[in-house]
Amino acid sequence: MDKQNIYGYMRVSTREQKEDRQRMALLEAGVSENHIYMDKMSGSSFERPQYQKLLRRLDERSVLYIKSIDRLGRNYMDLNEQWRIITKEKRADIVVIDMPVLDTRREKNLLGTFISDIVLTLLSYVAENERANIKQRQAEGIAAAKARGVRFGRPPIPVPDDFAQHHAAWREGRITMKEAAAACHMCPKTFYEKAVKQEKACLERHTF
């Protein structure tokens, strides 16, 4: 096949370091460097600039290589829809390097297409189901940790000893909130939250 019709797609998120392995796999598969498209974005959406640019290039003479199916996308329904667009509307072939059974060039007949579609559907469902299970386990782990008294997030910023003095000066209009916050070594938002919290606590003490 003419190398001008061979393309590669790779995706990395900002937290992943898989770019080199994907690029090497695509180059070894015969994709030219200038025919590799890459997005540094989450796989939850297909509104990715380079992917959309690639999609416009594909036609019935094209072969698209990806290292693994999750590089194309992570959402079960959207992934299957993009597979349909590429193979049915664009009539291009897809080769998933890490999953040889997902190679639409292998069987150019109804059975071959049916097998590829079924395998993709199964893999997509399993992957999405596993992500849902991971999220559930994470939520359960966090809930259990909170029940044990584990605290998450940043520790609260301590209130300085002279907070009441600067608070009063601000409320009386002698200084601005920005000045009061700076004197307490806080940002204005944090100073205001602390002030409101203390005022509410003081009000409750006098009410009950």
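Miscellaneous remarks
- Summarising the label geometry, the points placed 7 Å from Cα in the beta-carbon direction at Lys88 and Gln165 lie 7.4 nm from one another.
- Over all orientations, the range 163-207 has a Cα convex hull whose mean projected area works out to 2.9 square nanometres.
- Spin-label pair Arg148-Cys187: with each label point 7 Å from Cα along the Cα-Cβ axis, the two points sit 3.2 nm from one another.
All of the numbers you see were taken from the coordinates with simple rules; none came from a lab. Keep in mind that what you see is a predicted model, and the values were worked out from it rather than measured. All Cβ positions, glycine included, derive from the backbone under ideal geometry; neighbour counts span all protein chains shown.
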